[in-house]
Amino acid sequence: MVKNRRKERRGEKAREGVGTQSKRGERESKVSFHLIHPSTAATESVDQASLADLKGTLTFLRSSLISVVADRFDFKSKKKRRRRGIYGAKMLWILRFSGFFSAALVMIILSPSLQSFPPAEAIHPSNLDGHLRFPLPLSPADSLTKLSFRKSTIFRNADECGFSDHQSRGKTSVCDPSLVHVAITLDVEYLRGSVAAVHSILQHSMCPENVFFHFLVSETNLESLVRSTFPQLKFKVYYFDPEIVRSLISSSVRQALEQPLNYARNYLADLLEPCVKRVIYLDSDLVVVDDIAKLWTTNLGSRTIGAPEYCHANFTKYFTADFWSEKRFSGTFRGRKPCYFNTGVMVIDLVKWRWAGYTKRIERWMEIQKSHRIYELGSLPSYLLVFAGHVAPIEHRWNQHGLGGDNVRGSCRDLHPGPVSLLHWSGSGKPWLRLDSKQPCPLDALWAPFDLYGHPP
């Protein structure tokens, strides 16, 4: 009799313990919910009455579950002592399961509310090259809705420019021999830089209406934005399929250098009309502070491309030790005097390029790079392999490069000695990013006047 009463008391204490654990589980469930979604906007969006009903439902379900467990396990069983250890472990597992069950139920019921939050609130913005290119990591289509550019001033030709037959009839053909052809890539990430580059060219041209822009894109929704910013601009958009080159791209020292659009310049001779015999290729992170026609009239002689060369640079550092130790690779420079040149500013004879098949030659070196790792720096080395030592030299004033610092820190740089016709923020530091972060370099102030980003003041 006494023994039975003791068993009953122990059963009651066990039930009380279960009730205590149940309350603790409720508190833990509340905490886990706040950890899952701490946003105050989320808690405000859920009706308080619904939460009260939810709490009651959870309490009922938990008590029902515990009752089922109590019925399943006989607290007065004669085998209790022998199975006490097993029973305790099972009860602990069941209590934990009930807490997990409650939390899961909360997530199921509230899932529509959680799913209603935009990705920008649920994901931390990702860094690219140590900086945010735009405030939020949006898809290209969403990013365009966030971008706004002021309308550019309309620039007209000076009297000295004259007019061609096409212009006198109010039409401009891409094959007009009086045109200056400029190719620039357009993508959401660097769009602010590209717009500033175009603005700077128009502002400093004596004959801005004679400049025809060829925009290379991998996104098909940028044309309207360009047209609204530059209503009178002569341009055409060319779609470059990233899959053409994706399998040829190898990893680089900087992720931005691995983007397929960086390699679109390799295919200019195929993308542009056959009647376009020469083109100036420009990167998106530069501004022109001189008349682009001066660069256009560069004498290339027998060469296919022209660019400012820097023969004092250590040319060997652009390739790996394995490259220089393998004669079958390094032998490509035999009989040449190769110098470093920056591929962000080039004048290209497309007729000679097409005739010699230079696109295939560049692709061949990219294939070798995939299997033998002969360089580390993006698309530049393949151009050095094909053209270094065979480049028509252009004055250094046309590419004051390196203003973006190195490929890691993006530190501030000074101008090279001599006159300046083009400022180029090659490297990881971009002027629009540093200006927005309130940590600009001194020379970034030279880029700012050409920036059309944002609404008018």
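Observations on the structure shown:
- Residues in the stretch 203-226 that are closer than 21 Å to Ala264 by Cβ and either assigned to a helix (DSSP H, G or I) or open to solvent by less than 30 Å² (accessible area, probe 1.4 Å) (or both): Val211, Phe212, Phe213, His214, Phe215, Leu216, Val217, Leu222, Glu223, Ser224, Leu225, Val226.
- Out of Ser437, Ser428, one residue alone is surrounded by fewer than 15 Cβ atoms within 10 Å (Cβ to Cβ) and under 20 Å from the mean Cα position of the chain (by Cα). It is Ser437.
- Leu191 vs. criteria open to solvent by 10 Å² or more (accessible area, probe 1.4 Å) and over 23 Å from Val276 (Cα atoms): no
- Subset of the stretch 347-393 [closer than 25 Å to Ile184 by Cβ, free of Cβ contacts under 8 Å to residues at least 60 places away in the same chain and among the charged types (D, E, K, R)]: Lys352, Lys360, Arg361
- Just one of (1) in contact (Cβ under 8 Å) with a residue 12 or more places away in the chain; (2) surrounded by fewer than 16 Cβ atoms within 10 Å (Cβ to Cβ) fails for Gly344. It is (2).
- Applying a threshold of 8 Å to beta carbon distances and a minimum spacing of six or more residues, or different chains, the list of pairs starting in the stretch 310-336 at a residue that is within 24 Å of Glu395 (Cα to Cα) and ending at one that is among the charged types (D, E, K, R) reads Cys311/Lys337.
- When we screen Ala392, Ala388 for residues that are of a type in the set (Gly, Ala, Ser), touching a strand residue (DSSP E or B) at 6+ places or on another chain (Cβ under 6 Å) and closer than 16 Å to Pro308 by Cα, the only hit is Ala392.
- Residues that are over 33 Å from the mean Cα position of the chain (by Cα) and charged (D, E, K, R) within the stretch 293-339 comprise Lys294, Arg303, Glu326, Lys327, Arg328, Arg334, Arg336, Lys337, listed in sequence order.
- Residue in the stretch 285-297 that is touching a residue at least 24 places away in the same chain (Cβ under 8 Å) and among the polar types (S, T, N, Q) present: no
- Scanning the stretch 350-391 for residues that are small (Gly, Ala, Ser), surrounded by fewer than 19 Cβ atoms within 10 Å (Cβ to Cβ) and outside any helix (DSSP H, G or I) yields Gly357, Gly389.
- Hey, Gly404 at positive phi and open to solvent by less than 70 Å² (accessible area, probe 1.4 Å) or not: no
- Flag for Asn262 being assigned to a helix (DSSP H, G or I) and modelled with pLDDT under 95: yes
The values are calculated or read from the model by the stated rules, or taken from the named source; none is laboratory data. Because the structure is predicted, anything quoted here is derived from the model rather than measured. Reconstructed Cβ throughout: ideal geometry from the backbone, glycine too, with neighbour counts over all protein chains shown. Calculation scope for accessible area: heavy atoms of the full protein, side chains included, ligands and nucleic acids excluded. Shrake-Rupley method; radii C 1.70, N 1.55, O 1.52, S 1.80 Å.
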